[in-house]
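Shown next, in structure tokens, is the structure this report addresses.
The values are calculated or read from the model by the stated rules, or taken from the named source; none is laboratory data. Being a predicted model, the structure only gives us computed values, none of them experimental. Glycine also receives a Cβ, built like all others from the backbone with ideal geometry; neighbour counts cover every protein chain displayed.
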Amino acid sequence: MNLVVFKFHLYQISDKINILDIIAGDSVRMFKNMLQTFRLMDQVRKKYLGIALTIFILFSLAFASIFINQIEDIDKIHAENTRDQIIEIKKDFMKDTVNNTIGYIEELKIFNEDRFIKRIDRLKLFIYDHSEEYRIEHIKDYLQNVGINEDLLIVIKDPSGFTIYESSTSIDHRQGILTGEYFISEEVEFMGYKIFLGALDSSVRKLVEETLRNRLYTDVYFEDSYIWVNEVINYEGGDGYGRRLIHPNLRDTEGTLLSTDMEDIAGGKPYLEELEGIKKNGELFSTYYFKKLTTDTIEKKLTFAKLYEEYDWIVAMGIYYDNIEEYIARSAEASKEERENALKLMSFVGLALILSGTAIFLWAENKYYDASTQPLKTEVETDLLTGAGSRRAALKAISKGFESFKEKGGVYNIFVMDLDDFKQVNDTYGHEAGDSVLVRVVESIRKVIRDEDGFYRWGGEEFILFTKGIAPENLDQFMDKILKAVEGSICSNKNMKLNTTVSIGATIFLGSDESYNDAVRRADDGLYQSKRNGKNRGTIVM
């Protein structure tokens, strides 16, 4: 764990050095660009830029002075934070390791129970398969085999109820049989005889304990850490409240009864604290003094313990605080190099602040020029005759909407419109009248669409409407409003009253569309269908 955290600090230092290199390269490029811009500036701008640079330099120097004066405090804070971080990391490690061990215990329990069940199933199958050819004596001889009856409860009773055979496990655990402390039991009839087959919870528990002990004896953890197991006998505490079940550090004392009155060298009562925490929350972190694994020295120890309720086992793991302090000392030594890099970083940050200030100054100038050119941009994106958006603005809005559709979904609508028989208006009344009709149609449509809807002149007498949020089932109703608005509009030109109609094709963005052009083509198809079907109507194409 120490190696991992040490490497983490090295990576932090390496990252800082890489950042310095990046800042240095960017600074050189920015400096060259600013020199070029500075040459083109007038005297007033140069003056204000000089003031800004002076302010940033003074700010950087003040910041550096404060930082240098606070180095000692930073060291103390660093040591405290490092200690807290290491303790939290090791707490997480201990908790995960204990939880994994409890999971392993549960797996062992299930595994051994399954073995007993399969053994009993095989014995039942043997008895059934030989029910015709064997006598009870043959079955008895077979069940007396040590390899067969090991750890199993086997009892054979004759038709009168008299016991003619008991396995050694049955004899040793008669009380367990009477109180029903077995997890599986089967009764088989054989020629009037009753054969009882079963296995006790204690037999499974014994196998789990043996396997777990072998593992904990051989597991190796960092810095004198290990896992041990105590068994709770009496949750009320007192002398003999528990038993030291498995302890890699004190193997000779396994089986020793424990007392909640026991004290460590500091006068604390670790077993009492542990029992109370287990009773309250099922787990706890605690500190006390205990002998180290590889030496006879007594050191302060941080422990995590958790109850495995099935067996009343407390599974625990601990680390020693002296190992943490050793790491903090090594970390403090390493932090000297970090301070040097921090000072370098601070210098570059000061330079970056100066360059940033200059960049902000230049950005403000660009904003000014952007504002001065805004009217020109508006002219480019607006149709000068009708006031509708230009084709360029339409392509920009539809493309942006399609990107949003692909990322977030939603309903986006496209309506392509074309004035019916508009060429006849131009040919009969002239282009001036045609222009008046276009303007009147745009005004009429704007009255029935929403402010956020985008309405654009696509070309000639063709327009495109781009909207969001109109469900497919409402498209017909929406188009009817537009058709009626256009049909009802009257354009007066040189004492003539002109009116016209439009045909519409409508669609929405579909998940299968590869680009917005797919949707525009569908809307165009709908427009052509409206023209073919009599004009002054709308057609939806999906």
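Before moving on, here are some points about what is shown:
- Residues satisfying the stated conditions in region 431-456, i.e. outside any helix (DSSP H, G or I), out of contact with any helix residue (DSSP H, G or I) (no Cβ under 7 Å at 6 or more places or on another chain) and surrounded by 17 or more Cβ atoms within 10 Å (Cβ to Cβ): ILE449, ASP453
- When GLU236, GLU166, GLU150, GLU181 are checked against the criterion of being of a type in the set (Asp, Glu) and at pLDDT 90 or above, a single residue qualifies: GLU236.
- Residue match in region 303-326 (condition: in contact with a Pro (Cβ under 9 Å, 6 or more places away or on another chain), closer than 30 Å to ASN230 by Cα, surrounded by 17 or more Cβ atoms within 10 Å (Cβ to Cβ) and at pLDDT 75 or above): yes
- Contact map, region 138-158: residues that are farther than 13 Å from PHE190 by Cβ paired with residues that are assigned to a helix (DSSP H, G or I) and at pLDDT below 85, Cβ distance under 8 Å, separation 6+ or inter-chain. Pairs shown: ASN149/SER168; ASN149/THR169; GLU150/THR169; ASP151/THR169; LEU152/THR169; LEU153/THR169; LEU153/SER170; LEU153/ILE177.
- Among the residues making up region 403-418, those that are surrounded by fewer than 20 Cβ atoms within 10 Å (Cβ to Cβ) and closer than 23 Å to GLY526 by Cα are GLY410, VAL411.
- Of residues in region 419-430 being surrounded by 15 or more Cβ atoms within 10 Å (Cβ to Cβ) and farther than 20 Å from ASP383 by Cα, the one farthest from the chain's Cα centre (by Cα): TYR429
- The single residue among GLY255, GLY240, GLY282 that is closer than 21 Å to MET94 by Cβ and touching a strand residue (DSSP E or B) at 6+ places or on another chain (Cβ under 7 Å) turns out to be GLY282.
- Lone unmet requirement of (1) within 12 Å of ALA316 (Cβ to Cβ); (2) surrounded by fewer than 20 Cβ atoms within 10 Å (Cβ to Cβ); (3) of a type in the set (A, V, I, L, M) for MET262: (1)
- Among the residues of region 235-255, just one is aliphatic (A, V, I, L, M) and part of a loop (DSSP other than H, G, I, E, B), namely LEU250.
- Candidate set: region 108-149, residues that are in contact with an Asp or Glu (Cβ under 8 Å, 6 or more places away or on another chain) and under 20 Å from TYR311 (Cα atoms); chosen: the one surrounded by the fewest Cβ atoms within 10 Å (Cβ to Cβ): LYS109
- Residue among ALA393, ALA352, ALA364 that alone is at pLDDT 90 or above and small (Gly, Ala, Ser): ALA393
- Residues (among the charged types (D, E, K, R), surrounded by 17 or more Cβ atoms within 10 Å (Cβ to Cβ) and modelled with pLDDT under 90) located in region 206-233: GLU223, ASP224
- Checking the stated criteria, THR500 turns out to be hydroxyl-bearing (Ser, Thr, Tyr) and at pLDDT below 90.
- Within region 90-107, tally of residues that are aromatic (Phe, Trp, Tyr) and either in contact with a Lys or Arg (Cβ under 7 Å, 6 or more places away or on another chain) or crowded, with 17+ Cβ neighbours inside 10 Å (or both): 1
- Residues (under 22 Å from ASN536 (Cα atoms) and among the aromatic types (Phe, Trp, Tyr)) located in region 402-455: PHE415, PHE422, TYR429, PHE455
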